[in-house]
Amino acid sequence: MRIAVLADIHGNVLALDAVLEDLRQRGGADLTVNLGDSVSGPLWPRETMERLEALDLPTVRGNHDRRVAQDPANDEIWPSDLYAQQRLTPAQRKVLFAQPLTLEIVPGVIAFHARPDHDEKYLADAITDGQLVRAPLAAIRRRLKMLDPRYRIVLCGHSHRSELIRLPDGPVIFNPGSIGCPAYDDSTPPAHVSEQGSPHARYGIVTLGDTGQPDRFEAIAVDYDHEAAARQAEQAGRPEWAHGLRTGFMPG
């Protein structure tokens, strides 16, 4: 069974379409799962939401999906979430909020956005000198201690960093990276950045092994018209987003 893994689209419908076309050229998948943070960002939230609604994928809710869906009068909403919120219908925001925190994709495979018990805390990452890096093994184990041991594969996003980690005597953790936002900064203490290092749209394919055969994991980077996405971010007044879309790094 082949499972395509999408994560962190962030309203970048150009990147999403490029990934879907790449997946088609590779023969498609038996199942495609969306790990959340689908629309937040100064790009094309309505168009992205409509594309995803038509696909009707198994989807978990990300932290930005929750924030986009919250009360429009909330003064603490972040600019990217507000941009998306203003362009979605109330019904679309309701759909985002109703998405589950965790989802068993098939027996032995679980999906969530960040952690199984929290949509905004990193699972496999730590912050060192203002940069996301891989967390110590003990910390990752601790963050997964509540997970049912029947799961052999964990699919997660949130950090925008592609990761493949096999925990000794535990599951394999697979983060495909971000489709639509290759770099971001987060001012929440401790402030930090995440940088994929290139403008490519990232996604993954997991091929479940038959009895006695190993599972296979592919992390895929797809080129697309990132310049058009960067111009859209500039028109929305977000030059730092434009820089990240062009380079995969944050300014400075």
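Worth pointing out:
- Selection within the stretch 1-31: residues that are surrounded by fewer than 22 Cβ atoms within 10 Å (Cβ to Cβ) and under 21 Å from Ile173 (Cβ atoms). The member of this set that is nearest to the chain's Cα centre (by Cα) is Leu31.
- Where Ala54 falls short, out of the listed (1) within 21 Å of Gly177 (Cα to Cα); (2) part of a helix (DSSP H, G or I); (3) of a type in the set (A, V, I, L, M): (1)
- Residue in the stretch 222-240 that is within 20 Å of Asp8 (Cα to Cα), aromatic (Phe, Trp, Tyr), in a strand (DSSP E or B) and at pLDDT 95 or above present: no
- Residue in the stretch 47-65 that is among the basic types (Lys, Arg), in contact with a helix residue (DSSP H, G or I) (Cβ under 9 Å, 6 or more places away or on another chain), modelled with pLDDT of 95 or more and more than 15 Å from Ala233 (Cα to Cα) present: yes
- Entry remark, the stretch 189-221: residues being in contact with a His (Cβ under 8 Å, 6 or more places away or on another chain), outside any strand (DSSP E or B) and either of a type in the set (S, T, N, Q) or closer than 24 Å to Glu120 by Cβ (or both) number 1 in total.
- Residue match in the stretch 60-73 (condition: in contact with a Ser or Thr (Cβ under 8 Å, 6 or more places away or on another chain), assigned to a loop (DSSP other than H, G, I, E, B) and buried (at least 17 other Cβ atoms within 10 Å of the Cβ)): yes
- Annotation: Leu82 fulfils all but one of (1) assigned to a helix (DSSP H, G or I); (2) surrounded by 23 or more Cβ atoms within 10 Å (Cβ to Cβ); (3) aliphatic (A, V, I, L, M); the unmet one is (2).
- Failed item in (1) surrounded by fewer than 17 Cβ atoms within 10 Å (Cβ to Cβ); (2) closer than 25 Å to Met1 by Cα, with Gly177 passing the rest: (1)
- Every residue from the stretch 1-35 that is under 12 Å from Ile105 (Cα atoms), in contact with a helix residue (DSSP H, G or I) (Cβ under 8 Å, 6 or more places away or on another chain) and not hydrophobic (A, V, I, L, M, F, W, C): Thr32, Asn34
- Scan of the stretch 139-188 for residues that are out of contact with any His (no Cβ under 9 Å at 6 or more places or on another chain) and among the β-branched types (Val, Ile, Thr), ordered by number: Ile140, Ile153, Val154, Ile165, Val172, Ile173, Thr188
- Selection within the stretch 8-38 - in a loop (DSSP other than H, G, I, E, B), among the aliphatic types (A, V, I, L, M) and in contact with a Lys or Arg (Cβ under 8 Å, 6 or more places away or on another chain): Ala29
- Scan the stretch 93-147 for residues that are among the acidic types (Asp, Glu) and assigned to a strand (DSSP E or B) and the total you get is 2.
The values are calculated or read from the model by the stated rules, or taken from the named source; none is laboratory data. Just so you know, these numbers come straight off a predicted model, no measurement behind them. Every residue, glycine as well, gets a Cβ built from its backbone with ideal geometry; the counts of neighbours run over all protein chains shown.
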